[in-house]
Amino acid sequence: MRSFRYSLIICISIFLLILSGCIIKDSPAPGCRKSIGFPMMGGCSGKTAILDLEIEYAPECVIIEVNNCNGGVLNIRNTCEADIRLHDIVIPTNDSVSLDVKMVDGSIELIQSHGNFSVFIPVEDMRIEVMGETGIDPIKFSFTKTKPLCE
């Protein structure tokens with residue numbers, strides 16, 4: 001009888017572990033994902049996201065990636081021979097930064113984010129366009145910063 005209980009407990013545990021990987025609501029914002037069983041493991045809990053990153057032009061040495069872990073920030077890596085300039089932000093050669101946005105007097109500005117946490121939570125989806133340069137090469141990209149995708 002005792003071995004039957006242990007077997008049953010082991011079977012139920014395995015079943016719950018299998019179910020914990022079943023996502024029933026997917027979202028680009030990790031804090032809005034829902035799954036059956038145990039909650040998703042990890043430190044990502046953002047409820048806003050960056051979507052539709054569109055790089056219109058940038059040299060290959062400029063690497064722009066989206067990190068939606070905690071609200072959506074941009075990771076920009078400079079492997080160019082010249083500094084990258086995006087508005088008031090300078091990214092030196094062989095350096096990388098995380099960038100967030102903020103509203104200042106009704107317009108959007110880029111700010112440096114320390115880590116992958118975004119502090120900007122728009123009340124509606126916003127299309128944001130960024131222009132800059134590295135040496136003589138122009139940079140232009142745009143993306144959508146979403147409003148919260150869940151409660």
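The values are calculated or read from the model by the stated rules, or taken from the named source; none is laboratory data. Nothing here was measured: the structure is a model prediction, and the numbers come from that model. Methodologically, a virtual Cβ is constructed for each residue, glycine included, from the backbone with ideal geometry; neighbour enumeration extends over all protein chains shown.
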Checking Asp95 against (1) acidic (Asp, Glu); (2) modelled with pLDDT of 95 or more; (3) loosely packed, with under 13 Cβ neighbours inside 10 Å, the condition it does not meet: (3)
Residue match in segment 70-87 (condition: closer than 23 Å to Ser45 by Cα, in contact with a strand residue (DSSP E or B) (Cβ under 9 Å, 6 or more places away or on another chain) and among the polar types (S, T, N, Q)): yes
Residue check, Pro148 of a type outside the set (D, E, K, R), closer than 23 Å to Arg33 by Cα and more than 12 Å from the chain's Cα centre (by Cα): yes
Strands (runs of 3 or more DSSP E) completely within segment 62-151 that count 2 or more residues being aromatic (Phe, Trp, Tyr), under 16 Å from Ile50 (Cα atoms) and touching an Asp or Glu at 6+ places or on another chain (Cβ under 8 Å): 137-145
